[in-house]
Amino acid sequence: MPPRVRQPRLQSTLPRPSIPPHQCQCVCQTRSRQFSSTSQHATRQRDDMFRWLNGPGSVFRQPLPGSTNYINAYDKGGNLIRARDMRAGENNGGGAEEKAESKEKDVDEGEVRDLEVDVETATIKHKKAQRPSRGATTNAVPLPKETAEDLMPFPMNRQFRSQSVLSEELKDAIYERVMVQGKSVRDVSAALGVEMRRVGAVVRLKAVEKEWESKGKPLATPYSKAVLSMLPQTPYIPNDPRVHESINDLPVHRATTLQLFQPVSETRHFDRRDAAQAFQRNLLPAEDRIPHRELYLMEKWRYEGVQRDERIQRMRERNEEDFWAKKEREDRRRERERTEVTKVDHGRSVFKFQDVKVDVRAGKDGRGPAGVGARYGVPHQDRKRGMIKIPTRVG
């Protein structure tokens, strides 16, 4: 590699002083340097943050008992909006317009830099806030229930609402009815307004919890209580249970996801059963595929004018028939598995062997629903360009 040629430095026209040979012959130039790497803008944001934490934000250090503690439920001064509105309504006997105007004004708070609140003043205001203390009496006025504006944990995302979770009392009631009283999951779901899959999950988790308690394993009870105290809960009221969620939503079948045009005559009465047959020959109608068909039948009988006692008697007979039919199907499945499946126990694992016919299970094209890999699906051609999307013949 050739040696690097140094560029000559610009020579100054000023005369240089004579420097002794034993001293350094380089001229060092000193530059002004800032030793702080933090910009003034970042320092101002930091001051605003600590001003808010010591002022209006100090109300979040201790969670509000029996309520959520989201930032959207407080105004810029650290006061609970619904408690302030309740006191204002008691003082002036209404004030609906002022209440709506103040809520609209306080909802759109997004930047903490707009808070020009002195630290001492905000701290004094926080001490005087209407919050229940540890030594508060029992005759204190209870706070009103959270509104939809109070259940927004993220002020910038106004479309998200925090959903309610099951309380511990409701979980215990679900486990008691299923495991102790022997009621079915369907009946408990309809009685308490909780979806059947959630009922099954609660029963399984409660069984694991009780097993751990019997073995003396520690539980994260303080953590569970802390999390539940910050979320809205669905309480358990024995005589008047509250609906936790929708329990009778129609599941989406794979056959109904296709785009389909079915030509029919104008005089034909085309109902849900005909629509199911158009999608698939063996597809049940919507009223037979909902999770709680008994609720549909009860409402149908009531619309037809059947008396209440007769409706209850019909439902009991139907539930008994369903129970024995389900038990018979389960017995047949176990018997078939016992005769067709060979089990080999190796201690830690059990291997199951079964003779199958590929043409019967997977079909001639290998895409049958019982074939290997069928769950990964096959892309549909109904929205592909160039495909015929209207029926070519009328059957």
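The values are calculated or read from the model by the stated rules, or taken from the named source; none is laboratory data. Here the structure is a predicted model, which is why all the values come from computation and not from measurement. As a convention, Cβ positions derive from the backbone with ideal geometry for all residues, glycine included, and neighbour counts pool all protein chains shown. SASA here: full protein model, heavy atoms, side chains in, ligands and nucleic acids out. Shrake-Rupley method; radii C 1.70, N 1.55, O 1.52, S 1.80 Å.
Of note:
- Any hit, the range 296-315, residues being touching a Phe, Trp or Tyr at 6+ places or on another chain (Cβ under 9 Å) and within 30 Å of LEU258 (Cβ to Cβ): no
- Single unsatisfied condition, ALA148 versus (1) of a type in the set (A, V, I, L, M); (2) free of Cβ contacts under 8 Å to residues at least 60 places away in the same chain; (3) in contact with a strand residue (DSSP E or B) (Cβ under 7 Å, 6 or more places away or on another chain): (3)
- Looking only at residues in the range 138-177 that are out of contact with any Leu (no Cβ under 9 Å at 6 or more places or on another chain) and polar (S, T, N, Q), the one that is most open to solvent (accessible area, probe 1.4 Å) is GLN159.
- The residues of the range 278-304 that are open to solvent by 60 Å² or more (accessible area, probe 1.4 Å) and aromatic (Phe, Trp, Tyr), listed by number, are PHE279, TYR296, TYR303.
- The sole residue among LYS210, LYS225, LYS217 that is under 22 Å from the mean Cα position of the chain (by Cα) and basic (Lys, Arg) is LYS225.
- Scanning the range 178-208 for residues that are open to solvent by less than 40 Å² (accessible area, probe 1.4 Å) and of a type in the set (Ser, Thr, Tyr) yields one hit, SER189.
- The one condition in (1) over 30 Å from PRO65 (Cβ atoms); (2) open to solvent by 70 Å² or more (accessible area, probe 1.4 Å) that PRO251 fails to fulfil: (2)
- Residue within the range 337-348 that is at pLDDT 90 or above and assigned to a helix (DSSP H, G or I) present: no
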